[in-house]
Each structure stands twice: as structure tokens, then as C-alpha cells.
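Bear in mind that the values in this text are calculations on the coordinates, not laboratory data. Just so we're clear, the structure is a prediction, and the values are computed from it rather than from any experiment. When we count neighbours, we look across all protein chains shown, and the Cβ atoms used for this are built from the backbone with ideal geometry, even at glycine.
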Amino acid sequence: MKDLFKNSERGSQSVSTFFAIPIIFLFFMLILYAGVMGSAKHAVQSAANAAARDASLARTSNSGKAAGIQAAKRVMTQGSVNCDSIDVDVDTSRFQTSGTNFGRVDATVTCDVVFSGIKISAIPGIQSTTAHGTSPVDSFRER
């Protein structure tokens, strides 16, 4: 009878479950974090591209800068990204076309993404993501 209980593995399933549940939970939190960051990066890249495109369609560099900022903020509000702050920089210094050199507009959008649903110390509460967009200026816009 002594040999029956000597090699018994009673309770080992409980111990395995005890260690597996936190690991599975952290794995799902990592997937959630990756999904939020992927969605945020996509929204910020779309905002940067829209800012550059709308700025390049304007007639002047000042109106292009205003149109680019407005387009970036519009795209970011349409997305479902929770940003603590949004910074839009539209560079219209190469706006004018001269001869064969076509102008271009560069836009940079930075968003500080807030993770309100994820409360784990390994994952930061706010993560910054930045994207750049470039668009050529339409050389025939004045005609």
C-alpha cells in the first residue's frame, strides 16, 4: 500500500493551472496591446498622409499648412484611437515649383496613445507613435 501513494501525482493539475492562468492572461494582454498599437500606428500614418495630400492641393503654402493640420485632426477624430495629445507639423518650405523641380509637402503626426483598458506595469500607460507623409505639389493647380 505504501508504493501506491509514493509516486502519486495528486494535486499536480491544480499547480499547473495555478501557474498557467497568469501566463495566459499576460499573453492576451500582449495581444490586446499589439492590436491597440497597430491600430494607432495605422491611424497616425493615415493622418500624416491626409495632411500632406490636403496641404499639397492648396494654392498657397499658408493655406496648405492650415488645410494639412485640419485634415490630420479630422482623420484622427474619425479613428478610434485614444490620444492624450496630437502634434501635427506640416512642412511647406518646398511648396513652390520652379522649372523642373516640383514642390512637395511633408507632414509629421505624433500621437501619445493612452492605454486605458490595460493596467499592467510592464505595459506603459502612454506610448508615443509618429508617422511621416509626403505628397508632391500639383504643378497644374494654378491653371
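Observations on the model:
- If the chain linking A34 and F102 were pulled fully straight, counting 0.36 nm for each residue of separation and taking away their Cα-Cα distance, it would gain 20.6 nm.
- A Förster radius of 30 Å, combined with the Cβ-Cβ distance separating V15 from N82, puts the computed FRET efficiency at roughly 0.15.
- Dipole orientation for the stretch 12-136: of the candidates A47, A34, A131, A47 has the Cα lying most toward the positive pole (charges on Cβ; Lys, Arg +1; Asp, Glu -1).
- Whole-Hz couplings from phi, Karplus 6.51/-1.76/1.60, listed for the stretch 49-58; x for Gly and Pro: 5, 5, 5, 5, 5, 5, 5, 6, 8, 6
- When peptides 55-66, 23-34 are ranked by their average number of other Cβ atoms within 10 Å per residue, the highest-first order is 55-66, 23-34.
- For the stretch 12-136: rounded, prolate or oblate by the Cα gyration tensor [a/c cutoff 1.5]: prolate
- Dipole magnitude of the stretch 12-136, debye to nearest 20 (Cβ charges: Lys/Arg +1, Asp/Glu -1, about Cα centre): 280 debye
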